[in-house]
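Shown next, in structure tokens, is the structure this report addresses.
The values are calculated or read from the model by the stated rules, or taken from the named source; none is laboratory data. Small disclaimer: the values here were computed from a predicted structure and weren't measured. Virtual Cβ from ideal backbone geometry, glycine too; neighbours counted across all protein chains shown. Ligands, DNA and RNA are excluded from the accessible area calculation, which covers all protein heavy atoms including side chains. Shrake-Rupley method; radii C 1.70, N 1.55, O 1.52, S 1.80 Å.
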2 protein chains.
Amino acid sequence: MDRKLEWLRVQPPYSDVIISSRVRLARNFVKIPFPHKASPEDAVGVVNSVADVVKKEGIFNGMELLYMDRMDDLQRRLLVEDHLISPEHAMGDGGRAVMLDDRGIVSIMVNEEDHLRFQCILPGLQLMDALDIAAKMERDMGKHIEYAFDSQLGFLTAWPTNVGTGMRASVMVHLPAFVLSGRISNLITSVNKVGLAIRGVYGEGSASLGDMFQVSNQITLGPSEEEIVDNVEKIAGFIFDEEMKLREEMYKNERLKVEDKVWRALGILQNARSISIKEASNLLSLVRMGVTLEILPYIDTGMLNMLFLAIQPAHVLLGEGKMLSKAEMDIKRASVVREALNGMREGGKNV
Amino acid sequence: MDRKLEWLRVQPPYSDVIISSRVRLARNFVKIPFPHKASPEDAVGVVNSVADVVKKEGIFNGMELLYMDRMDDLQRRLLVEDHLISPEHAMGDGGRAVMLDDRGIVSIMVNEEDHLRFQCILPGLQLMDALDIAAKMERDMGKHIEYAFDSQLGFLTAWPTNVGTGMRASVMVHLPAFVLSGRISNLITSVNKVGLAIRGVYGEGSASLGDMFQVSNQITLGPSEEEIVDNVEKIAGFIFDEEMKLREEMYKNERLKVEDKVWRALGILQNARSISIKEASNLLSLVRMGVTLEILPYIDTGMLNMLFLAIQPAHVLLGEGKMLSKAEMDIKRASVVREALNGMREGGKNV
């Protein structure tokens, strides 16, 4: 199935900073142990139940059920990089499966930490829409499957941190000005204080390749789904405003330095014959910021969002048919970036 | 007078390494103290004598006599950067003057260290031709002016290091592979051993911006002009061969690394909004080498030779009409480089 990954598209008005919005709902079957405790037979039973629902007319039209252990390692890693499954799910053991649409917007992980995880990821700031779509899938499935539910606690989950709504709402944000100005650690502290988590999307820990971060709710028990989404959206709006202010400020105070950095980043990306994921991420980040500040001529930021994925290991390996060494990966990565950025201005010329 | 600087042109077959060939003949008037000992009246007398010769029909046609103290600082520094006068001469004191043609090939400094210094600078490896042209000027002037000459020592000069032939023969060479491979210090030692000097063209000491070096004779007394020229040409030919071998070797052994370096250099030069003379020189050096190795598409190396001058301080100031700060110089320099390198591939596109 060819997935378009529509969540990479540019979705105004917040797209200069906010890449995408994701809602994930965790649900479990009654009377079947959670996946980490389930027997192989139980796990297969869960997948079969889901497969039965899928086959029913009119529900989950156009979605495909894929068994993780029938996919090769590269296919699974591609889905992780596409943000459609979790890294844990990609391990492929324990009767795992995933349902995917052909637009790269929704996925249902089966036998991840929970029996079912309904996910919807949309471009820009559209958490409420993402919640609607995820909730619709959850309701449709719920017509055929009884979810584990407690009248006090709400939906039961494998980890207590998900109990209640079973919901995780998150936005992916691009924060080059927060990082360049050194204010990212302050932001992390502030966001934590209001009960949200913020962490790097690419790479480990607080150091995020390409200045991409994910902001999500920590609390799942107590407030309603709508209240949680509303809270994350408000904070995302605040982060958008602050990031834009910091960009403008930085550009005003250090116009030349910013212009020079941004143009050099583009020049290197358009010409390098070998580039690491770290350098490519950081230069792409500068170019993305440069486009939003109108320093650079128009470049589709959706294409830049796509490039952030295209430079990841599994995407670099696409079409190779074999493993590549680190040096070969760097060469291939450079050529992928060059093609995208030079192809884009075909017929045009550098200023 | 608009000087074309023909010595910057590409002159095969050695032009990948050898930029230009220069011969300079030092002569002094009899019975007049050397410039550093001359009275103001003596110095003016020397200039006037030269001016008289210039006015005579048929001699030094199309050359212009310029009084250094009537030129502004920028004009004088431009002539230094164009290699038409020495930095000392540009100080403009002591009745200094210079005669220049309109092709940027010959110059006669009056009241530099010696009363007269006839210089010819030609593109590529053409020392014998440069000697012929300089010697013709020297003979023409000698029909009207008696030179200080000793039957034992030959031509007398202000510094004993120039006595005899009064000749300095030099070639400007581009040695990126010697520098990158770390073999430049060995070369300097070897060249010194055979009685020649080698030093950086731009910047002080053995560190040369842009990997540009000048190889010249040390001995002026003993061998004939032709023998000296022959010796410098032979060594220049040897340096050419070695540099080309080192470039090929480096490219063969580290193909990817060299390609990446060269393309990045071009990308930065085509996009930077601010660039120091040091960085610009080093990147231009890589690009020049990349063109000769056919890593980059065709770029006129004569244009690159011109850029090495165009990034020098006085050239950067051209057309500004005022002094610029270091930051302003770096901006202007970047725009000069960008215009030259992007103009060149107008209508084309990056690969």
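Which of (1) touching a Leu at 6+ places or on another chain (Cβ under 8 Å); (2) within 14 Å of chain A (Cβ to nearest Cβ); (3) farther than 19 Å from residue B:335 by Cα; (4) without any contact (Cβ under 8 Å) to a residue 24 or more places away in the chain is the odd one out, the single condition residue B:290 does not satisfy?
(4)
Return the pairs, sorted by first residue and then second, in which the second residue is modelled with pLDDT under 50 and surrounded by 13 or more Cβ atoms within 10 Å (Cβ to Cβ), the first residue lies in the range B:337-350 and is within 19 Å of residue B:308 (Cα to Cα) and facing chain A (nearest Cβ under 8 Å), the beta carbons are less than 7 Å apart, and the residues are 6+ apart or on different chains.
Final answer for the pair search is B:342/A:349; B:342/A:350.
Scan the range B:36-51 and report the pairs whose first residue is under 14 Å from residue B:109 (Cα atoms) and whose second residue is open to solvent by 30 Å² or more (accessible area, probe 1.4 Å) and part of a loop (DSSP other than H, G, I, E, B), with Cβ atoms within less than 6 Å and a gap of 6+ or a chain change.
B:43/B:94
Identify all residues within the range B:251-286 that are among the hydrophobic types (A, V, I, L, M, F, W, C), away from every other protein chain (no Cβ under 11 Å) and open to solvent by less than 30 Å² (accessible area, probe 1.4 Å); write none if there are none.
Step one: of the range B:251-286, the residues among the hydrophobic types (A, V, I, L, M, F, W, C) are B:256, B:258, B:262-263, B:265-266, B:268-269, B:272, B:275, B:277, B:280, B:283-284, B:286.
Imposing the further condition that a residue be away from every other protein chain (no Cβ under 11 Å) reduces the set to B:277, B:280, B:284, B:286.
Once the filter is applied, which keeps residues that are among the hydrophobic types (A, V, I, L, M, F, W, C), away from every other protein chain (no Cβ under 11 Å) and open to solvent by less than 30 Å² (accessible area, probe 1.4 Å), the range B:251-286 yields B:280, B:284, B:286.
Hey, among the residues in the range B:183-197 that are among the small types (Gly, Ala, Ser) and not in a loop (DSSP other than H, G, I, E, B), which one's surrounded by the fewest Cβ atoms within 10 Å (Cβ to Cβ)?
To start, the set of residues in the range B:183-197 that are among the small types (Gly, Ala, Ser) comprises B:185, B:190, B:195, B:197.
If we keep only those that are not in a loop (DSSP other than H, G, I, E, B) too, we end up with B:185, B:190, B:197.
Numbers: B:185: 11, B:190: 16, B:197: 14.
Going through the qualifying residues, I end up with B:185.
For the range B:1-44, how many residues meet the condition of being of a type in the set (Gly, Ala, Ser) and closer than 28 Å to residue B:242 by Cβ?
From the range B:1-44, those of a type in the set (Gly, Ala, Ser) are B:15, B:20-21, B:26, B:38-39, B:43; that's our starting set.
Add one more test, that the residue is closer than 28 Å to residue B:242 by Cβ, and what stays is B:15, B:20-21.
Summing the residues that are of a type in the set (Gly, Ala, Ser) and closer than 28 Å to residue B:242 by Cβ in the range B:1-44 gives 3.
Restricting to the range A:2-24, name every residue that is touching a Lys or Arg at 6+ places or on another chain (Cβ under 7 Å) and not in a loop (DSSP other than H, G, I, E, B).
A:6, A:24
Among (1) acidic (Asp, Glu); (2) modelled with pLDDT of 95 or more; (3) closer than 25 Å to residue A:5 by Cα, where does residue A:300 come up short?
(2)
I'm told residue A:235 meets every condition in (1) over 23 Å from residue A:307 (Cα atoms); (2) open to solvent by 60 Å² or more (accessible area, probe 1.4 Å) except one. Can you identify the failing condition by its number?
It is condition (2) that residue A:235 fails.
Taking only the range B:96-133 into account, find how many residues are within 18 Å of residue B:157 (Cβ to Cβ) and out of contact with any strand residue (DSSP E or B) (no Cβ under 8 Å at 6 or more places or on another chain).
Result for the range B:96-133: 1.
Please verify whether residue A:43 is more than 20 Å from residue A:137 (Cβ to Cβ), out of contact with any Lys or Arg (no Cβ under 6 Å at 6 or more places or on another chain) and assigned to a helix (DSSP H, G or I), treating the condition exactly as stated. Lay out the reasoning, then the answer.
On the way: more than 20 Å from residue A:137 (Cβ to Cβ): yes; out of contact with any Lys or Arg (no Cβ under 6 Å at 6 or more places or on another chain): yes; assigned to a helix (DSSP H, G or I): yes.
Yes, satisfied.
Could you list, in sequence order, the residues of the range A:250-277 that are in contact (Cβ under 8 Å) with a residue 12 or more places away in the chain and acidic (Asp, Glu)?
The answer is A:259, and nothing else.
For a quick check of your reading: which helices (runs of 4 or more DSSP H) sit entirely within the range B:260-351 and have at least 3 residues that are of a type outside the set (Phe, Trp, Tyr) and farther than 23 Å from residue B:211 by Cα?
Once the helices (runs of 4 or more DSSP H) in the range B:260-351 are filtered for at least 3 residues that are of a type outside the set (Phe, Trp, Tyr) and farther than 23 Å from residue B:211 by Cα, what remains is B:326-344.
When only residues in the range A:213-229 that are touching a residue at least 24 places away in the same chain (Cβ under 8 Å) and part of a helix (DSSP H, G or I) count, which is most open to solvent (accessible area, probe 1.4 Å)?
A:226
Of everything in the range B:13-34, what is over 30 Å from residue B:296 (Cβ atoms), of a type outside the set (Gly, Ala, Ser) and open to solvent by less than 30 Å² (accessible area, probe 1.4 Å)? Give them in sequence order.
Within the range B:13-34, B:23, B:25, B:27, B:28, B:29 qualify.
Would you pick out the residues in the range B:293-314 that are without any contact (Cβ under 8 Å) to a residue 60 or more places away in the chain, more than 12 Å from every other protein chain (Cβ to nearest Cβ), touching a helix residue (DSSP H, G or I) at 6+ places or on another chain (Cβ under 6 Å) and farther than 21 Å from residue B:328 by Cβ?
Result: B:293, B:299, B:304.
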